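The values are calculated or read from the model by the stated rules, or taken from the named source; none is laboratory data. Quantities reported herein were computed from a predicted structural model and do not represent experimental measurements. Glycine also receives a Cβ, built like all others from the backbone with ideal geometry; neighbour counts cover every protein chain displayed. The area values use the complete protein model at the heavy-atom level, side chains included, leaving out ligands, DNA and RNA. Shrake-Rupley method; radii C 1.70, N 1.55, O 1.52, S 1.80 Å.
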Amino acid sequence: MDVLVPTGLWDEDGVGVLSTWFFDDGDPVQQGTVIAEVMSEKVSFEIVAPCDGMLRPLLAIETEVAGGQVIGRIEPA
């Protein structure tokens, strides 16, 4: 299952920066656990795991991201 940056966090043309992955590639995660953080100019947003499984980050820290963008995947354990 894809891990997405939620839409509506900032203006339509706005972007944020992927600031932190709280787990490493291949780590097990549980649905609802905070797995990443995205920063805008003023606010940080937590990204939670959409399901249980193994985290596969697709983007590096400090990458600019937009709402709806895929930043990682959760694979079945």
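Hey, can you tell me all the residues within segment 15-51 that are within 16 Å of Gly68 (Cβ to Cβ) and among the small types (Gly, Ala, Ser)? Listed by number, the residues that qualify are Gly16, Ala36, Ser40. Considering only residues in segment 41-77 that are in contact (Cβ under 8 Å) with a residue 60 or more places away in the chain and not in a strand (DSSP E or B), the one that is surrounded by the fewest Cβ atoms within 10 Å (Cβ to Cβ) turns out to be Gly68. Name the single residue that is least open to solvent (accessible area, probe 1.4 Å) among those in segment 1-18 being of a type in the set (D, E, K, R) and in a loop (DSSP other than H, G, I, E, B). That would be Asp11. A count restricted to segment 23-40 and to residues that are open to solvent by 60 Å² or more (accessible area, probe 1.4 Å) and either basic (Lys, Arg) or closer than 17 Å to Gly8 by Cβ (or both) stands at 1.
For segment 19-40, filtering for residues that are part of a loop (DSSP other than H, G, I, E, B) and without any contact (Cβ under 8 Å) to a residue 24 or more places away in the chain leaves 5.
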